[in-house]
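Chemist: Below: one structure in C-alpha cells.
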Amino acid sequence: MRVKRYVVNALPEAVSMIRSELGKDAVILNTKEIKVGGFMGMFRKKKMEVIAAIESNQANVPTPQQRTANPQVDAAVEQILQTAQRTATAVMEPPVPAPAPVPVKESNDRKEREQFIIDEIRDLREYMVKLSKQQHNLAAMSEPLIQLKVHLLEQEMDPAWVERLLQGIEEKQHEAEGEFSKDQVWELAAAQIDEWLRPYSGSGISSHVRVVHFVGPTGVGKTTTIAKLAAEQTLKKGRKVGFITSDTYRIAAVDQLRTYATILNVPLEVVFSQMDLTRAFKQLEEQELIYMDTAGRNFRSELHVSEVNSLLQTTEPSETVLVLSLTGKTRDMAAVADHFSKYGVRKVLFTKLDETSVYGAIFNLIMNFEFLPTYMASGQTVPDDIELFQIDVYINKLLGSNGP
Ligand SMILES: Nc1nc2c(ncn2[C@@H]2O[C@H](COP(=O)(O)OP(=O)(O)OP(=O)(O)O)[C@@H](O)[C@H]2O)c(=O)[nH]1
Ligand SMILES: [Mg+2]
C-alpha cells in the first residue's frame with residue numbers, strides 16, 4: 001500500500017491531486033482541518049490535511065451517475081462520487097491487515113467525518129450541475145433571445161418572469177427545429193405577455209361604485225388624476241361629481257383641489273377625521289359619483305397605510321385606487337403595493353409614463369400582486385393626459401423600439 005499526505009485548501013483540490021498522482025483507485029483514509037504558517041501563533045491559515053492510499057490490486061468499479069450536458073463536468077462529478085464511495089468503503093471495510101478495534105468515540109468521529117465528506121461532495125455536485133446548466137443555457141441562447149433578455153432586464157421586468165418568458169420561447173424554438181429571427185422572438189414575447197396580462201385587463205373604475213378613494217405616495221399625481229377623471233365624467237358624460245379631500249397636511253393641498261372643483265363646477269367637502277365623513281357624504285348626497293383625495297404619505301411605512309385605510313371606511317359601494325408614478329423606484333413601488341394589497345386594495349393607476357422609458361414595474365405589480373390596472377396618465381394636462389389601461393399599448397411601450 002502506498003500512503004500519501006496532502007495539505008490543501010479544500011477537499012476537491014486534493015481529490016484531483018490524488019487522482020493524478022495515485023490513480024483512480026486511490027482511497028482517502030483520513031481528512032482533518034489543520035492550521036499552517038503564521039507568525040508567533042497568529043495569522044495562521046486554515047487548511048485541510050488529506051491522507052490517501054492506493055492498494056496495488058484494487059479494482060475500479062465505476063458507478064453510473066446522472067449525466068450533465070457537459071462531459072468535463074460529468075467526468076469530475078463521477079471522479080468525486082467514486083472517491084466518496086471508496087472513502088465510505090474504506091471506513092467500513094478497513095484494508096488488510098485490520099487495525100486494532102476502534103474505540104466507540106473514534107468510530108463516532110469517523111461517522112461524522114464520513115457524513116461531512118459526503119455532504120460536501122453532494123453540495124459540490126449540485127453546484128457543478130447548476131453551473132453546467134447555466135453554461136449550457138448561455139451557449140444555447142440565440143442572439144435575438146439574448147437581446148430580448150437584456151432589453152427586458154433593462155426595463156426592470158422581474159428576472160424570474162424574464163426567465164419564464166425566455167424558456168417558453170426557447171421551447172417553441174426547439175420544437176420548430178430552427179432559430180427564430182428577432183421579429184419572431186419579439187412577436188412571441190408580445191403574445192406571451194399579452195396572455196399573462198389579459199386576465200387582469202378591462203377593469204377601469206367600476207361603474208357601479210359611488211365613492212372612489214385615491215391613495216398613494218407623495219406627489220405621484222393623485223389630485224391631478226382626480227381632476228382629469230372628474231373632467232371626463234362631468235364634461236363628457238354629464239354626470240354629477242363631488243369631491244372630498246382629507247389632505248389637510250399641506251396648506252396648499254385643499255386649495256389645489258378647490259381650484260379644480262371651481263373650474264369643473266363640482267362641490268368640495270374637506271374632512272379632518274373619520275367623524276367628518278358622515279357630514280361630508282350627507283352634503284354630497286345629490287352627487288352620483290364622489291372622488292376622495294387623500295394625503296400622499298410615505299406608504300413604505302405600514303403605519304401610514306393603516307392610518308389612511310381607516311379613513312376609507314364607508315357604507316357606500318366604494319373602491320380604492322392606488323396611484324403610483326413610474327418615476328418611482330421599482331422596488332419601492334413593490335413595497336407600497338405589498339402593504340396596500342394586504343388591506344384589500346386591488347386597483348392601481350399609473351402616472352408619469354411620459355417621464356420614463358422604463359415600464360417593467362407595471363408588469364411586475366400586476367403579475368406579482370394581482371393588481372388590476374385602471375388608467376395610464378402621461379402628462380400634466382387636465383383633462384387630456386390620461387387613458388384607460390390598454391394591454392397592447394402597454395406591451396408596445398415595454399417591448400419598445402427594439403421590437404419588430
Ligand atoms: N409628467 C407628469 N406629471 C404629472 C402627471 N400627473 C401629475 N403630474 C404632476 O405631478 C405633480 C404632483 O401632482 P399632484 O396631483 O399634486 O400629486 P399628489 O399625488 O396629489 O401629491 P400630494 O397630494 O402632495 O401627495 C404636479 O406637478 C402634476 O402636474 C403625469 O402623468 N405626468
Ligand atoms: Mg394631492
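Chemist: Got a number for residues in region 367-391 being buried (at least 22 other Cβ atoms within 10 Å of the Cβ) and under 22 Å from the mean Cα position of the chain (by Cα)?
Modeler: Qualifying residue count, region 367-391: 2.
Chemist: Moving to a separate point now. Could you tell me whether any residue of region 197-208 is among the basic types (Lys, Arg), more than 34 Å from the chain's Cα centre (by Cα) and surrounded by fewer than 13 Cβ atoms within 10 Å (Cβ to Cβ)?
Modeler: Within region 197-208, the subset among the basic types (Lys, Arg) is 198.
Adding the requirement that they be more than 34 Å from the chain's Cα centre (by Cα) leaves none.
Looking for residues that are among the basic types (Lys, Arg), more than 34 Å from the chain's Cα centre (by Cα) and surrounded by fewer than 13 Cβ atoms within 10 Å (Cβ to Cβ), one finds none in region 197-208, hence no.
Chemist: Moving on. Does region 228-243 include one or more residues that are within 11 Å of ligand 2 (Cβ to nearest atom), modelled with pLDDT of 95 or more and not polar (S, T, N, Q)?
Modeler: From region 228-243, those within 11 Å of ligand 2 (Cβ to nearest atom) are none; that's our starting set.
Scanning region 228-243 turns up no residue that is within 11 Å of ligand 2 (Cβ to nearest atom), modelled with pLDDT of 95 or more and not polar (S, T, N, Q).
Yes/no per residue for (1) farther than 23 Å from Pro383 by Cα; (2) in contact (Cβ under 8 Å) with a residue 40 or more places away in the chain; (3) surrounded by 16 or more Cβ atoms within 10 Å (Cβ to Cβ):
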{"residue": "Glu307", "(1), (2), (3)": "yes, no, no"}
{"residue": "Thr315", "(1), (2), (3)": "yes, no, no"}
{"residue": "Met333", "(1), (2), (3)": "yes, no, yes"}
{"residue": "Val336", "(1), (2), (3)": "yes, yes, yes"}
{"residue": "His339", "(1), (2), (3)": "yes, yes, yes"}
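Chemist: Oh, and also: List every residue pair whose Cβ atoms sit under 6 Å apart, with the two residues 6 or more apart in sequence or on different chains, where the first one lies in region 283-303 and is in the same structural domain as Val212 (by TED's automatic domain parsing) and within 21 Å of Val211 (Cα to Cα) and the second, anywhere, is more than 16 Å from ligand 2 (Cβ to nearest atom) and charged (D, E, K, R).
Modeler: So the pair list comes out as Gln287/Lys240; Glu288/Arg239; Glu288/Lys240; Leu289/Arg239.
Chemist: Just to be sure, is Thr327 at pLDDT 90 or above, touching a Ser or Thr at 6+ places or on another chain (Cβ under 7 Å) and of a type outside the set (A, V, I, L, M, F, W, C)?
Modeler: Taking the combined requirement at face value, the residue satisfies it.
Chemist: Just a yes or no: is a residue in region 319-335 closer than 25 Å to Thr278 by Cβ and more than 16 Å from ligand 2 (Cβ to nearest atom)?
Modeler: yes
Chemist: Identify, please: which residue in region 13-56 is of a type in the set (Ser, Thr, Tyr) and loosely packed, with under 11 Cβ neighbours inside 10 Å and is, among those, modelled with the highest pLDDT? Break it down into steps so the answer makes sense when it comes.
Modeler: The first filter runs over region 13-56 and keeps only residues of a type in the set (Ser, Thr, Tyr), leaving 16, 20, 31, 56.
If we keep only those that are loosely packed, with under 11 Cβ neighbours inside 10 Å too, we end up with 20, 56.
Working: Ser20: 85, Ser56: 65.
Per the stated criteria, the residue is Ser20.
Chemist: Something else now. For residues that are within 16 Å of ligand 1 (Cβ to nearest atom) and surrounded by 14 or more Cβ atoms within 10 Å (Cβ to Cβ), tally how many sit in region 283-300. Working first, answer last.
Modeler: Step one: of region 283-300, the residues within 16 Å of ligand 1 (Cβ to nearest atom) are 291-300.
With the extra rule that they be surrounded by 14 or more Cβ atoms within 10 Å (Cβ to Cβ), the set shrinks to 291-297, 299-300.
Counting residues in region 283-300 that are within 16 Å of ligand 1 (Cβ to nearest atom) and surrounded by 14 or more Cβ atoms within 10 Å (Cβ to Cβ) gives 9.
Okay, residues lined up against (1) away from ligand 1 (no atom under 16 Å from the Cβ); (2) under 23 Å from Leu311 (Cα atoms):
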| position | (1), (2) |
| --- | --- |
| Leu153 | yes, no |
| Gly168 | yes, no |
| Gly178 | yes, no |
| Asp194 | yes, no |
| Val211 | yes, yes |
| Ala231 | no, no |
| Leu235 | yes, no |
| Thr245 | no, yes |
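Chemist: Counting only residues that are under 38 Å from the mean Cα position of the chain (by Cα) and part of a loop (DSSP other than H, G, I, E, B), which one in region 274-304 is nearest to Arg239 (Cα to Cα)?
Modeler: Thr294
Chemist: Which members of region 374-402 meet the condition of being under 18 Å from Val345 (Cα atoms) and in contact with a helix residue (DSSP H, G or I) (Cβ under 6 Å, 6 or more places away or on another chain)? Even if it seems obvious, please write down each step before you answer.
Modeler: Just the residues of region 374-402 that are under 18 Å from Val345 (Cα atoms), to begin with: 374-376, 389.
Answer for region 374-402, where residues must be under 18 Å from Val345 (Cα atoms) and in contact with a helix residue (DSSP H, G or I) (Cβ under 6 Å, 6 or more places away or on another chain): just Met376.
Chemist: Moving on. Here are some residues: Ala280, Ala261, Ala253. Which one is surrounded by 17 or more Cβ atoms within 10 Å (Cβ to Cβ) and within 18 Å of Ser318 (Cβ to Cβ)?
Modeler: Working: Ala261 fails: within 18 Å of Ser318 (Cβ to Cβ); Ala253 fails: within 18 Å of Ser318 (Cβ to Cβ).
That would be Ala280, the only listed residue that is surrounded by 17 or more Cβ atoms within 10 Å (Cβ to Cβ) and within 18 Å of Ser318 (Cβ to Cβ).
The values are calculated or read from the model by the stated rules, or taken from the named source; none is laboratory data. It should be emphasised that the depicted structure is a prediction, and the values quoted were computed from it without experimental measurement. Here Cβ is always computed from backbone atoms with ideal geometry, including for glycine, and neighbour counts include all displayed protein chains.
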